Amino acid sequence: MLRRVALGLLMAAVAGPAFGQAYPNKPITIIVPFAAGGPTDLMARIVGERMGKELGQQMIIENVTGAAGTIAMGKLARSAPDGYTIGIGHLGTNVVNGAIYKNLNYDLINDLTPIALLPSNPLLVVTSNQVPAKDLKELVAYLKANADKVSGGTAGMGSGSHIGVLAFFDGTGTGYQLVPYRGTGPAVQDLIANQIQIMIDQSSNSLPHVRAGKIRAYAVTAKQRNAAAPEIPTTAEAGFPGIEVAIWHGLWAPKGTPRDIINRLNAAAVAALKDPEIRKKLEDLGQDIPTPEQMQPDTFAAYQKAEFAKWKPIIDKAGVKIE
Ligand code: MLT
């Protein structure tokens with residue numbers, strides 16, 4: 001009996017993690033910091049499902065909403081660092097929130113380990129069909145004349161849609177009331193219904209509704225027109241240069257997750273974004289897909305830090321903070 005146990009232990013040692021308890025041996029949860037049906041949720045579902053095939057396990061989506069993603073990232077930071085709970089976030093949740101929220105109960109850079117950079121979305125300036133402006137110049141004039149009557153949706157202070165609003169206000173000299181939502185998925189439904197009139201929204205969330213004629217797009221916040229919607233002018237072409245923001249996404253794990261597990265998850269994400277079917281789905285929604293080199297954990301970690309150094313002074317200057 002003793003010999004059999006010893007033999008088992010020896011085999012496990014020789015086979016390493018592939019013996020019996022190979023990672024992953026149960027479903028992996030992806031914490032999504034915004035409501036179901038929005039751009040982050042969509043990214044988690046498209047990329048996560050394909051990663052699951054690669055890893056031979058089911059990926060479970062858990063939407064943990066509220067406070068522009070800070071509740072979700074706090075939960076992720078406190079999860080077991082065993083590779084079975086990871087999180088998806090973006091420029092807002094994993095960079096800008098660190099500058100806006102002064103009392104986060106986790107350290108955005110040190111408590112979360114980058115796994116992989118994921119695609120980025122430009123933002124679209126979109127309104128309900130009830131707004132009577134034909135182009136961006138007319139829209140800006142309309143907003144200036146109706147500032148007290150117009151409401152715009154965001155997913156909270158520090159979300160991607162809020163970063164878009166900050167750039168839009170700065171670049172156009174306009175302002176309007178902001179209504180916070182648990183994600184831009186529900187917000188865009190209210191835009192369609194004219195409960196709110198305007199959003200600066202990720203292309204993956206808005207474009208299908210623009211194509212269906214349910215809302216109107218005026219400009220894309222990028223240097224170049226987007227191949228998925230070449231008819232939409234850039235903000236510069238529409239008369240307002242300098243409004244250029246893209247919301248990149250990424251995957252993180254709690255600090256202390258073993259490096260071989262981070263590498264395994266990274267390889268699954270890289271494989272997912274090499275899949276032509278996945279690429280087409282993402283590109284049709286206006287997304288820009290990073291290269292495998294850009295996706296590497298260390299390259300991504302350096303990029304996140306550089307983005308923090310870039311955005312912190314912008315947010316401080318804008319005076320946006322929550323104590
Ligand atoms: C979402 O998934 O709802 C969005 O990413 C929210 C946002 O950051 O605007």
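The values are calculated or read from the model by the stated rules, or taken from the named source; none is laboratory data. All values derive from a computational prediction rather than experimental measurement. Note: ideal-geometry Cβ built from the backbone for every residue, glycine included; neighbour counts use all protein chains shown. Ligands, DNA and RNA are stripped out before the accessible areas are found, and what is left, the full protein with its side chains, is counted by its heavy atoms. Shrake-Rupley method; radii C 1.70, N 1.55, O 1.52, S 1.80 Å.
To keep it simple, each residue is scored yes or no on (1) among the basic types (Lys, Arg); (2) more than 16 Å from TRP311 (Cβ to Cβ); (3) not assigned by TED's automatic domain parsing to the domain that holds ALA212.
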| site | (1), (2), (3) |
| --- | --- |
| ILE86 | no, yes, yes |
| TYR106 | no, yes, yes |
| VAL126 | no, yes, no |
| LEU136 | no, yes, no |
| LYS149 | yes, yes, no |
| THR154 | no, yes, no |
| HIS162 | no, no, no |
| ASP170 | no, no, no |
| ALA193 | no, yes, no |
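Can you confirm whether ASN110 is in contact (Cβ under 8 Å) with a residue 60 or more places away in the chain, among the polar types (S, T, N, Q), away from the ligand (no atom under 16 Å from the Cβ) and closer than 29 Å to GLY74 by Cβ?
On the way: in contact (Cβ under 8 Å) with a residue 60 or more places away in the chain: yes; among the polar types (S, T, N, Q): yes; away from the ligand (no atom under 16 Å from the Cβ): yes; closer than 29 Å to GLY74 by Cβ: yes.
Answer is yes for this residue.
Cβ separations smaller than 8 Å between residues 6+ apart or across chains give the following pairs from region 290-319 residues that are assigned by TED's automatic domain parsing to the domain that holds ALA267 to residues that are assigned to a loop (DSSP other than H, G, I, E, B) and open to solvent by less than 60 Å² (accessible area, probe 1.4 Å): GLN304/ILE109; LYS305/ILE109; PHE308/LEU108; PHE308/ILE109.
Please state which one of ALA99, ALA80 is among the small types (Gly, Ala, Ser), in the same structural domain as THR257 (by TED's automatic domain parsing), assigned to a helix (DSSP H, G or I) and surrounded by fewer than 20 Cβ atoms within 10 Å (Cβ to Cβ). Steps first, answer last, please.
Details: ALA80 fails: assigned to a helix (DSSP H, G or I).
Among ALA99, ALA80, only ALA99 is among the small types (Gly, Ala, Ser), in the same structural domain as THR257 (by TED's automatic domain parsing), assigned to a helix (DSSP H, G or I) and surrounded by fewer than 20 Cβ atoms within 10 Å (Cβ to Cβ).
Please specify each residue of region 28-66 satisfying the condition of being assigned to a helix (DSSP H, G or I), of a type outside the set (Ser, Thr, Tyr) and within 12 Å of the ligand (Cβ to nearest atom). Passing the criteria: PRO39, ASP41, LEU42, MET43, ALA44, ARG45.
Is at least one residue of region 280-289 under 19 Å from the mean Cα position of the chain (by Cα) and without any contact (Cβ under 8 Å) to a residue 24 or more places away in the chain? Spell out how you get there, then give the answer.
First pass over region 280-289, keeping only residues under 19 Å from the mean Cα position of the chain (by Cα): 280-289.
Remaining after also requiring without any contact (Cβ under 8 Å) to a residue 24 or more places away in the chain: 280.
Checked region 280-289: at least one residue is under 19 Å from the mean Cα position of the chain (by Cα) and without any contact (Cβ under 8 Å) to a residue 24 or more places away in the chain.
Conditions (1) modelled with pLDDT of 95 or more; (2) outside the structural domain of SER128 (by TED's automatic domain parsing); (3) within 22 Å of ILE46 (Cβ to Cβ), marked per residue:
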{"position": "SER203", "(1), (2), (3)": "yes, no, yes"}
{"position": "PRO208", "(1), (2), (3)": "yes, no, yes"}
{"position": "ALA212", "(1), (2), (3)": "yes, no, yes"}
{"position": "ALA227", "(1), (2), (3)": "yes, yes, yes"}
{"position": "PRO233", "(1), (2), (3)": "yes, yes, no"}
{"position": "GLU237", "(1), (2), (3)": "yes, yes, no"}
{"position": "PHE240", "(1), (2), (3)": "yes, yes, no"}
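Out of all the residues in region 156-179, which are among the aliphatic types (A, V, I, L, M) and under 18 Å from TYR101 (Cβ atoms)?
From region 156-179, those among the aliphatic types (A, V, I, L, M) are 157, 163, 165-167, 178-179; that's our starting set.
Across region 156-179, the qualifying residues are MET157, ILE163, VAL165, LEU166, LEU178.
Pull up region 308-322, narrow it to residues that are in contact with a Lys or Arg (Cβ under 9 Å, 6 or more places away or on another chain) and aliphatic (A, V, I, L, M), then point me to the one that is surrounded by the most Cβ atoms within 10 Å (Cβ to Cβ). Within region 308-322, the match that is surrounded by the most Cβ atoms within 10 Å (Cβ to Cβ) is ILE315.
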